Amino acid sequence: GLRVHYPSQTAAPSRGFPDFLLRAPAASAAEPGSGSTTDISDSEEEEEEEERGGQGAALEPVDPPVLPASPRLNAQHTQPQEAAPSNSSSAADAERTHQSIQPLLAPPAPAPSSSPGEEGEGDVCSICFEPWTTAGEHRLSALRCGHLFGFTCITRWLKAQGSAAKCPQCNKKAKRSDIVLLYAPKLRVLDNSEQEILKKSLEQEQSLRRKAELESAQYKLKLQVVTNKCGQAQQELQELRAMMAAILVSIAGGSRVLSYCEPLSCLLASQPSPHSTLVPGCGVKKVSVVNMKASQYVPIHSKQIRGLSFNRQNDSLLLSAALDNTIKLTSLLTNTVVQTYNAGKPVWSCCWCLDNSNYVYAGLSNGSVLVYDTRDTSTHVQELQPLRSRCPVASLCYVPRAASSSFPCGGLIAGSLEGGCFWEQVNETTYRPHLLPLETAGCTDIQVETESRHCLVTYRPGRSNPSLRCVLMSLTRTPQQDSSALPQVSVAPLQSFSAGPSGKLLTKNAVFRSPGGAGGLKLPADLPVLDISPFSVNGEHFLASLTEKMLKLYRWE
């Protein structure tokens, strides 16, 4: 507050400027209960009345304005030495004194209001755009949706909207009972929208990072599996390379059948002549299994060779059958043909008689089997007529006699596209036929393992079976119960193997005892294998596979 102190007059009243003291205490040091009014003592009021009554035109009372909280202001006027001579001069002096006091007692300038840009959107009502208050009619209130308004504004708004009242900001349904008064002396809303955006962005990045880490872990696991498989495949490849040798047999291709000559330790692969202009026709290529190199080409036939066979005499005589209607005996010691038989028909297969090496067999394209005696160089000694239609005899193999209770007899198995027939050799000149219970279509090859009396029958893909199949069967002979009944020969399937879906060529297979004991082995082949042949050299066991151009040798471990 402001206090004006007038000094008491002990002498005659002076006609000059009154002595007074202005004191403006600070807001923090204001006395309690003083308020904003001016405290004037009784003695000072009496002196002022006397001054006004004696001078006539005295100083007009002025309501002292309330000063703002500021440091204490002290203002003191001393009495002039000479008094005014007249009332008019005293009035003029009082007027001047009043004018000089007014600047001191002028009210303080109002505090600069914050600009609209500095005032946040959360400080004003969104209906009237006026600041809300902490008390009164326009006090802070909120709806159930959470938006803030002045109490009177939102009340009028909902009343004007009626039953369809909605929040002015989010358009959610609202009613007057939803208004909630908020008791906050000062409300300040922290704008964390950017923080929330950054937080969501961080969460997304973390989620993507976790996903990327998971995918990375999965790919690392897959890479590890692939790496292990690759290492295993490389190891198997190295092992196969160590146990495999590939030899080029024919540059132009055309190789078809394969056989092994034990006395000379060489493989023989049929092929067209590598010098067709000088030496036309077809022959065999010698491949030494000692140094794994192809050595000589031996010309034999004028057309494609379909069968190669050796006997048990180890005399290095090669029996060959070809589509030029001939079978020939070739001495591999001199690389010359020593005997030629004209069959009159294309010969598809051939084999030796393992019970008597003087006899050889030739399977013709009309289904007949011709029996030749090597001691008779003129013609065949017997012809075995087909029991069914005249399909080419694709395979011939001889089963020697053996002291076996299940199948003791010996004879010839002839396989054609319509099945198989076993020609039991009763004596040197008599053969008894037995039709084998095989499928009536698609039989391309029949091979026999002489010790176990098992045969391997190959079927090409057909309508009923879409893949190439090999069926392992056992030869059985029904015991003779009485003298009038003849024994019957049959086969019983033991195991079936499935191969690829196509069989364009009449490939040949082989059945033999595994040198490595039980278990199977799968060998890679990039081209169709036409023929295979097992053999052994110096106690080591090998397997040879023939394609049209290449001969691959595998060693058993």
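The values are calculated or read from the model by the stated rules, or taken from the named source; none is laboratory data. Quick caveat: nothing in here was measured; it's all calculated off a predicted structure. Every residue, glycine as well, gets a Cβ built from its backbone with ideal geometry; the counts of neighbours run over all protein chains shown. Just the protein is used for accessible areas: all its heavy atoms, side chains included, with ligands, DNA and RNA removed. Shrake-Rupley method; radii C 1.70, N 1.55, O 1.52, S 1.80 Å.
Taking Cβ atoms as reference points and 15 Å as the exclusive limit, the residues near Lys293 contribute a net charge of +3, counting Lys and Arg as +1 and Asp and Glu as -1. Rounded to whole numbers, the Karplus 3J(HN,Hα) couplings from phi for the range 144-154 are 5, 6, x, 7, 9, 8, x, 4, 5, 5, 6 Hz, using 6.51 cos²θ - 1.76 cosθ + 1.60 with θ = phi - 60°, and x at Gly and Pro. Near the amide H of Lys166, within less than 5 Å, lie the amide hydrogens of Ala174, all on another chain or at least 5 residues away, with H placed in the peptide plane. Under 5 Å from the amide H of Ser467 lie the amide H atoms of Gly462, each residue being 5 or more positions distant or on a separate chain, with H modelled from the backbone and absent for Pro and chain starts. To the nearest 10 square angstrom, what accessible area does Arg375 show with a 1.4 Å probe? For Arg375, solvent-accessible area is about 150 Å².
The phi-based Karplus calculation (6.51 cos²θ - 1.76 cosθ + 1.60; θ = phi - 60°) puts the 3J(HN,Hα) values of the range 399-407 at 9, x, 5, 8, 7, 10, 6, 7, 8 Hz, whole numbers, x for Gly and Pro. A 1.4 Å probe over all protein chains sorts Glu215, Glu205 by accessible area into Glu205, Glu215, starting with the largest. What a 1.4 Å probe finds exposed on the range 354-440 is 49% carbon and sulfur by accessible area, rounded to a whole percent. For Asp526, the accessible surface of its heavy atoms amounts to roughly 120 Å² (probe 1.4 Å, protein chains only, rounded to the nearest 10). Phe149 sits with roughly 0 Å² accessible to a 1.4 Å probe, with DNA, RNA and ligands left out of the calculation. If the chain linking Ile197 and Leu435 were pulled fully straight, counting 0.36 nm for each residue of separation and taking away their Cα-Cα distance, it would gain 76.9 nm.
For the set His147, His301, the ranking by accessible area, highest first and with no ligand, DNA or RNA atoms included, is His147, His301 under a 1.4 Å probe. For Gly411, the amide hydrogen comes within under 5 Å of the amide hydrogens of Val399, Gln425, counting only partners 5 or more places away or on other chains and with H modelled in the peptide plane.
Within the accessible surface of the range 465-557, defined with a 1.4 Å probe on protein heavy atoms only, the carbon and sulfur portion equals 54 percent. Measuring nothing but how far apart in sequence close Cα pairs (under 8 Å, 6+ apart) lie, relative to its length, the range 466-549 scores a relative contact order of 23 percent. Converting phi to 3J(HN,Hα) with the Karplus coefficients 6.51, -1.76 and 1.60 and the offset θ = phi - 60°, the range 191-204 yields 7, 10, 5, 5, 4, 5, 4, 5, 5, 5, 4, 5, 4, 5 Hz in sequence order, with x at every glycine or proline.
Just subtract the alpha-carbon distance of Leu208 and Arg388 from 0.36 nm times their residue separation and send over the number in nm, one decimal. Don't jump to the answer; show the numbers that get you there.
Details: separation 180, 0.36 × 180 = 64.80 nm, distance 7.48 nm.
Between Leu208 and Arg388, full extension yields 57.3 nm more.
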